[in-house]
1. What number goes with the only condition from (1) in a helix (DSSP H, G or I); (2) open to solvent by 40 Å² or more (accessible area, probe 1.4 Å); (3) among the charged types (D, E, K, R); (4) over 20 Å from Ser206 (Cα atoms) that Asp76 does not pass?
2. Please give the number of the condition Arg31 fails out of (1) open to solvent by 40 Å² or more (accessible area, probe 1.4 Å); (2) of a type outside the set (Ser, Thr, Tyr); (3) in a helix (DSSP H, G or I).
3. Could you list, in sequence order, the residues of the range 35-73 that are outside any loop (DSSP other than H, G, I, E, B), at pLDDT 90 or above and of a type in the set (Lys, Arg)?
4. If you scan the range 134-160, which residues turn out to be in contact with a helix residue (DSSP H, G or I) (Cβ under 7 Å, 6 or more places away or on another chain) and charged (D, E, K, R)?
5. State all residues of the range 34-56 that are open to solvent by 10 Å² or more (accessible area, probe 1.4 Å) and in contact with a strand residue (DSSP E or B) (Cβ under 9 Å, 6 or more places away or on another chain); if no residue qualifies, say none.
6. Taking the conditions exactly as written (modelled with pLDDT of 90 or more and loosely packed, with under 11 Cβ neighbours inside 10 Å), does Gly114 satisfy them or not?
7. Go through the residues of the range 207-215 one by one and say whether even a single one is exposed (fewer than 15 other Cβ atoms within 10 Å of the Cβ) and either hydrophobic (A, V, I, L, M, F, W, C) or closer than 20 Å to Gly32 by Cβ (or both).
8. In contact with a strand residue (DSSP E or B) (Cβ under 7 Å, 6 or more places away or on another chain), at pLDDT 90 or above and either over 16 Å from Phe142 (Cβ atoms) or open to solvent by 70 Å² or more (accessible area, probe 1.4 Å) (or both): is that true of Ala10 in this structure?
Amino acid sequence: RKGSGKTALARYLENKYSEHAIDLALRISIRGLSLNSTEKREERLNTLLFFVLIRAVSRLLEAKIFDQKSTNYWLDFLQQNGLQGIQDYESFVALRRSNTTGFSIKAIFKTIVGLGADTMATGKDEVEYSKATISNTPHSLFVALRESLPPGKTIFIFIDDLSDYLDESEGEELQDDIALIKNLLLTLDDVNSSNSDAGRDVHFISLIRQDLFEFMNGQSDKPQSTF
């Protein structure tokens with residue numbers, strides 16, 4: 001329930017992760033879920049997923065989790081798309097509205113995950129950043145994140161505040177928002193499973209009010225990405 005200590009636990013681990021055999025724990029706050037309520041649910045879901053990933057990447061860079069090659073790629077990705085200063089969901093929604101073509105994904109993608117971006121070799125292990133691909137869906141970025149993380153690192157990424165404002169909503173808007181949260185949970189559950197299958201101990205964990213599951217039609221069990 002609201003006020004039961006979910007945020008306190010996430011903040012505790014964010015500060016004390018090394019005392020619990022965790023390499024990094026971080027908390028991402030998503031306030032203002034209704035900011036883009038006029039958009040299609042798929043577009044809203046993609047915006048949420050992009051924001052989670054971009055905030056996670058920024059914090060992972062700060063913690064120096066990536067190797068040098070992956071660090072260079074992610075720094076370039078953030079700079080290329082004007083994402084370095086994104087701190088809150090409201091700012092990100094505004095950016096997405098002004099960038100309808102998607103995010104530019106440079107050629108190093110082919111180096112990290114074998115995606116089909118054009119490259120130009122300039123040395124033994126070097127890749128010249130050349131033609132870009134455009135993505136309006138976050139799947140390829142989550143794949144790139146998974147592949148760029150070194151094995152053997154235990155990382156917890158908490159997504160918080162998603163459901164706190166729902167008491168102020170009602171009717172169709174409330175139903176749409178609950179359905180959106182359900183889709184986010186299921187998608188992050190798939191991401192967690194893919195990370196596990198690839199030998200990456202990286203977990204996206206959503207801090208969600210227990211009573212929401214009563215309203216998620218067709219969802220009999222909680223996804224593993226919830227707490």
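The values are calculated or read from the model by the stated rules, or taken from the named source; none is laboratory data. The structure displayed is predicted, hence computed values, not measured ones. Methodologically, a virtual Cβ is constructed for each residue, glycine included, from the backbone with ideal geometry; neighbour enumeration extends over all protein chains shown. With ligands, DNA and RNA removed, areas are computed over all heavy atoms of the protein, side chains included. Shrake-Rupley method; radii C 1.70, N 1.55, O 1.52, S 1.80 Å.
1. The number of the failed condition is (2).
2. For Arg31, the exception is condition (3).
3. Arg55, Arg59
4. Arg146, Glu147, Asp160
5. Arg55
6. no
7. Yes: the range 207-215 contains one or more residues that are exposed (fewer than 15 other Cβ atoms within 10 Å of the Cβ) and either hydrophobic (A, V, I, L, M, F, W, C) or closer than 20 Å to Gly32 by Cβ (or both).
8. Yes, satisfied.
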